[in-house]
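Below is one structure, written out as structure tokens; the observations come after it.
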Amino acid sequence: MDKLVIEGGHTLEGEIYVSGAKNSAVAILPATLLTEETCIIKNLPSIKDVYYINNILLQLGAEVEESGCKFIINSLGVDTYEVDFELSKKLRASYYFVGALLGRFKKARVPFPGGCDIGIRPIDQHIKGFEALGARIKIEHGIIWAEADELIGTSIFLDVVSVGATINIMLAACLAKGTTVIENAAKEPYIVDTANFLNAMGANIKGAGTDEIKIKGVERLGGCEHCIIPDQMEAGTFMIAAAASRGNVLVKNVIPTHLDSISAKMREMGIKVIENGDSLQVVSNGRPRSANIKTMPYPGFPTDLQQPMSVLLSIAEGTAIVTESIYDGRFKHVDELRRMGAKINVEGRVAIIEGIKKLSGAPVCATDLRAGAAMVIAGLTAEGETVINNLTHIDRGYEKLEEKLLQIGAKLKRIP
Ligand code: EPU
């Protein structure tokens, strides 16, 4: 397994470009199954999760022509609704094949998804949605079986705000009879992006980005062209890395409003965040002030940036209370940060971080995707050398991370 060796203590300066959003890409690619016509998807990030989803599309019989960050996909030849076990367990987002295949064939057989080990991740709200639309769901031997004579629109109130359930129900409901209303829907930018894609295919979805989404079923969907939005988590990771290194970095290709909760928190900590069109400049000269964070569904502070932000709080002045309200197991990075000298106590879903002046380099492990990003930031700011083991998780979600960081002055290299 690859390792990343980082020589810490270098200030990050210059411009860094953000790729397309992972969590949009992994929903939009399965959505192309809803038409027999050709879809052109642009600005796809070159990451392992996209590669895994692409493999599932190919296994199902879709034709995919790749040209850099553009995929041209035609699903006319798809003649099975059964996803391969090995492919499905590689990532979380394979659950979107249930909604997409159910929409297209009224049948789906999808092995349980994999993904980061960040706590309990049930899919009961997805199932509740499919059942409400008229599907029969059975879970046997680790496989989700879904079948419907027909899908009929209805009202679904989600018990928890779920990105995955909101998108999955949208996928299944586009071609259903009548109108589906999702209440207490998630509002993340990926949901708006996926709804925009489906509408470009001819769907009739209104309200994406609010907590009530109305989907009027249509007879058929057609091909279209769509450009994936920038990845707010990759952008946020770069913003935090810039601040942790006390640098001056222009993070390019962002939608600044998607990052409002991060920018506001960083400003509260005394870091300058300057908005300029589709760029955000982060300038930090001294040690930041500490601040409390509580993770919330969008537009609140995202759970995906809690781990990277914990690194910045570890070297801030003062004590921070970090409350993780989305996942019960998203503090695995804390043990790794402690190896680097961080003073953090965890009590259930709360971490208390007492800021120290500097972290010190150490051998650490990337226990999940964002924990990996956190370790990279920790290594960049620490004194001495940090070796990060197990880069598989980082490669699932960050495109060319080393190359991008090298361009802004980081000193790091991957050792195969
Ligand atoms: N939940 C349920 N039942 C469900 C679905 C979710 O109880 O049926 C709970 C979860 O356990 C969690 C909360 O609801 O406590 C939110 O989960 P959500 O369904 O929103 O998460 P997800 O759709 O599985 C996506 C992202 C995650 C991101 C979360 C929260 C994808 C592929 N994944 O997961 O991204 O953390 O939303 O914003 O879109 C990452 O990129 O590192 C990552 C983990």
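Quick notes
- Scanning the range 107-147 for residues that are within 8 Å of the ligand (Cβ to nearest atom), under 24 Å from LEU57 (Cβ atoms) and open to solvent by 40 Å² or more (accessible area, probe 1.4 Å) turns up just one, ARG121.
- Residue match in the range 291-303 (condition: more than 16 Å from the ligand (Cβ to nearest atom), open to solvent by less than 20 Å² (accessible area, probe 1.4 Å) and not in a strand (DSSP E or B)): yes
- Some residue of the range 296-315 being more than 23 Å from the chain's Cα centre (by Cα) and modelled with pLDDT of 95 or more: yes
- Test set (1) modelled with pLDDT under 95; (2) among the aromatic types (Phe, Trp, Tyr); (3) buried (at least 17 other Cβ atoms within 10 Å of the Cβ) - TYR96 fails condition number: (1)
- Considering the range 180-201, the residues that are part of a loop (DSSP other than H, G, I, E, B) and free of Cβ contacts under 8 Å to residues at least 40 places away in the same chain include one that is surrounded by the fewest Cβ atoms within 10 Å (Cβ to Cβ), namely ASN184.
- Boolean, ILE56 is touching a His at 6+ places or on another chain (Cβ under 8 Å), part of a helix (DSSP H, G or I) and within 16 Å of the ligand (Cβ to nearest atom): no
- Taking the criterion of being under 22 Å from ASN285 (Cβ atoms) and either open to solvent by 10 Å² or more (accessible area, probe 1.4 Å) or within 16 Å of the ligand (Cβ to nearest atom) (or both), the residues of the range 343-375 that qualify are GLY355, ILE356, LYS357, LYS358.
- Only a single item in (1) under 23 Å from ALA165 (Cβ atoms); (2) within 14 Å of the ligand (Cβ to nearest atom); (3) modelled with pLDDT of 95 or more is not met by LEU91, and it is number (3).
- Failed item, numbered, when VAL163 is tested on (1) at pLDDT below 95; (2) within 21 Å of LYS22 (Cα to Cα): (1)
- The test for being crowded, with 23+ Cβ neighbours inside 10 Å, in contact (Cβ under 8 Å) with a residue 40 or more places away in the chain and acidic (Asp, Glu) does not hold for GLU150.
- Long-range neighbours under 9 Å by Cβ, at least six apart or interchain, first residue within 15 Å of CYS174 (Cα to Cα) within the range 121-143, second of a type in the set (Asp, Glu): GLY134/ASP149; GLY134/GLU150; ALA135/GLU147
The values are calculated or read from the model by the stated rules, or taken from the named source; none is laboratory data. Predicted model only: the values in this text are computed from it and were never measured. Virtual Cβ from ideal backbone geometry, glycine too; neighbours counted across all protein chains shown. Ligands, DNA and RNA are excluded from the accessible area calculation, which covers all protein heavy atoms including side chains. Shrake-Rupley method; radii C 1.70, N 1.55, O 1.52, S 1.80 Å.
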